[in-house]
1. Average partner chain C-beta neighbours within 10 Å, per residue of A:377-387?
2. If I model a spin label as a point 7 Å beyond the Cα along the Cα-Cβ vector, how far apart are those points for residue A:103 and residue A:444 in nm?
3. Once you place label points 7 Å from the Cα toward the Cβ at residue B:156 and residue B:135, how far apart are they in nm?
4. Given A:252/A:478; A:77/B:165; A:167/A:545; A:394/A:500, which pairs have Cα atoms separated by over 30 Å?
5. Taking H as built 1.01 Å from N, whose amide H comes closer than 5 Å to the amide H of residue A:132, not counting residues under 5 places away?
6. Give the cross-link partners of residue B:134 among the lysines, using a straight C-alpha distance below 20 Å as the criterion and excluding same-chain residues fewer than 8 apart.
7. Specify whether the C-alpha gyration tensor of the protein assembly as shown places it in the rounded, prolate or oblate class, a ≥ b ≥ c being the square roots of the eigenvalues: rounded for a/c under 1.5, otherwise prolate if a/b is larger than b/c and oblate if not.
8. Rounded to the nearest 20 Debye, what is the dipole magnitude of the stretch A:134-290 about its Cα centre when Lys and Arg each give +1 and Asp and Glu each give -1 at the C-beta?
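The values are calculated or read from the model by the stated rules, or taken from the named source; none is laboratory data. Remember, it's a predicted structure, so these values are computed and weren't measured experimentally. Here the Cβ positions follow ideal geometry from the backbone for every residue, glycine too, while neighbour counts run over all protein chains shown. We work out accessible area using only protein heavy atoms, side chains counted, and drop any ligands, DNA or RNA first. Shrake-Rupley method; radii C 1.70, N 1.55, O 1.52, S 1.80 Å.
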Amino acid sequence: MYKYDVYDHQIVDERVAQYRDQVRRRLSDELTEDEFRPLRLQNGLYMQIHAYMLRIAVPYGLVSSAQMRMFAHIARKYDRGYGHFTTRQNLQFNWIKLEETPDILADLATVEMHGIQTSGNCIRNITSDEYAGVAADEIIDPRPYAEILRQWSTFHPEFAYLPRKFKIAINGAAEDRAAIAVHDIGLSVLKNEQGEIGFRVLVGGGTARTPIIGSEICDFLPWQHMLTYIESIMRVYNQYGRRDNMYKSRIKILVKAIGIEEFKRQVEADWADIKNGPGTLTVEELNRVAAYFTAPVYETLPANDPGVALYKTENKAFANWLQRNVKPHKIPGYAVVVLSLKKTGIAPGDASAEQMDVVADLADRFSFGELRVTHKQNLVLADVKQSDLISLWKEAAEHGMASPNIGLLTDIICCPGADFCTLAFARSIPLAKMIAERFDNLDFQHDIGEIELNMSGCVNACGHNHVGHIGVIGVDKKDGGEWYQVSVGGAQGNDAAIGKIIGPSFNFQQMPEVIDRLLHVYVRERLEEELFIETVNRIGVTPFKEYVYATPINVEDTVDKDAYGFIEKPDNYTVQRKSRF
Amino acid sequence: MIIKNKAVVSDDWTILRLSENETPESVTVPVGKIIVPLKVWQAQRATLQNRAERGVWLASNERPEELKGEVEKFDVIAVDFPKFADGRGYSIAYNLRARLGYVGELRAIGDVLRDQMFYMQRVGFDAFAPRPDKNIHDALKGLTDFSETYQTSLDQKLPLFRRVKRDGIATAGSTNE
Ligand code: HEM
Ligand code: SF4
């Protein structure tokens, strides 16, 4: 993976010093909270309900064992012993003290990490395919380009105060695992007929209040032009994106308002004099960065390990895990292993300091010291020898990270919701937990098969609800209660689609039954081998809607059993909405 | 006092802002060194351009191209930041310098604060009028927060990768495990 040179170190160290002084000025009231807010946000520090939350950038999801150990250290020293992996492949700590943040960032800098531009109206951490470099369907490894973009976007002077946040995703495989269609800019690396490398560029995709699939602005942009072309997109957006209404300020609204043709015309007009200019990428720079992402030295191994084949027949739990959590690797004898952070009873994506140390250890012993964070909030060991799978499984299971549920119903994507987030209309973590408990039965989950259940606590849609096969979103009914709207038919990847809302909202207690009814329709209607999403696409939303609303869902208004630990009285729970961030 | 060329210096320009009942056509521009709004310049160009000292300022929603072909007439062009979070001024400055060829004093006015000035200087501002309630000597420190930058902008025509020899994996002493 990429390693900082003296320049990277210097820039990040100077950032820590700058931020330390900003915190000092805030604490001495030289800076007002309004002046300080964008500064702390651009270092990843949010104000939440209980405390500050610090978001740490994990560039394109790649993390070394040393970095993971540093996360564990931070969790112990500055937080409550755990952290939360997010759908944007980052890590968040939820219980942070402002005074300690400069020290945390200084600690992080020692392992080449930071919180730069993980929040605020700037270019955010670049996300990519969690299987980059090992995926069998990879055309071009996107990571060198992601790293070059990371450097280019870091402290870009012109684009630090955009109308709104800006997210770029990049994918280099046949299957899109980076959700490029719902990003402000989505890049796919490809080869043209002449064998030249370039990008298909999408612009103006997004979820949140206005879910929309990105439009193609360029079908083949030669790689040398990546930075200058994006610079022009940014410049047009910075000048013409709306600033009067924050809900209409994303680039998608601008692209929609003037149309992709006109937007493209403006971008190309701006680009004319910088195209081929000094911002053009050089072969030397690409090669320098790409050299950090070459494949590790693999051993020559038999394609299938006999020990694994045997053990699989003896141990049902191991066999389940193999089936769900182990993915094929392009090198014979190796496998890609997903460590599940979705154990029932745990908030999706949470990992304890102890688990972080364990995975760092597993990475060192079994996967060349590297890990990846997935957009589904799990961790991946990308280069595991098949002959190590049994020991790895045992250790992962001992530490609660071998739930064989990857891609299944309980592999829920979930935002922090009202337990942490000041914008929430409803809780999402306790709901995820309640649904996971209801459908904990593994045979049932295997029978249902691959399905994506994505949940957000409000219209901002951090939990990717619009692109979930089943999407759940907290809505505001002005009565202070918790209400959820449900959609079906959303999808990410090559067939990205926005789900359709099935009807009026449900309360917290009704939700597991709603999910149950949706699954019932699927089981009733499915053809052999058909996945949930395929059934929805074939029969449409109506049968689901009809069945869910056919009879009332009566739930006893039971007192929720302290679902997440610190909301003591959920029965008279009202959602706290304070100021933004 | 303003910051100019990285030093605190005295300043004798006055910025003219229209009050509600004034119009660009009718407002009287006082004699002396006045930085007038773009609209006033456009309405009163015939007389203003005969003055010895000329200054104009752009609001964040105004287009720099409106000054196309006449930027060299000004001793100072200012760009207003109504709120520091309104980042349009950065692109305005870039365009004034890079596209319209302006080489004179380019001044940031309005909600100008220490922590944005490093970026402002990179896109072509060489003068800053920090908000009056802030300590100007403190603000000056904002110009030196960083000693290196990755990307091209106005101050730096070459990106880091064309300017220096960056260590690659072989010379960095790290092995490719
Ligand atoms: C207190 C915590 C958080 C706050 C206050 C917050 C705030 C927001 C807001 C306001 C939006 C809507 C932006 C827009 O429409 O322009 C949004 C979108 C989003 N956030 Fe968060 N968020 C939080 C945590 C998270 C977490 C933990 C994740 C990842 C698990 C996340 C990932 C996203 C994503 C993926 C979007 C979606 C859509 C898009 O960018 O188009 N956010 N967030
Ligand atoms: S979706 Fe809403 S509730 Fe959930 S984290 Fe985002 S802003 Fe908060």
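1. 0
2. Modelled inter-label distance: 4.7 nm.
3. With each label placed 7 Å out from Cα toward Cβ, I get 2.8 nm.
4. From A:252/A:478; A:77/B:165; A:167/A:545; A:394/A:500, over 30 Å: A:77/B:165; A:167/A:545; A:394/A:500.
5. So residue A:132 has HN proximity to no qualifying residue.
6. Counting by Cα, and skipping residues close in sequence, residue B:134 has these lysines nearby: B:4, B:6, B:83.
7. prolate
8. 900
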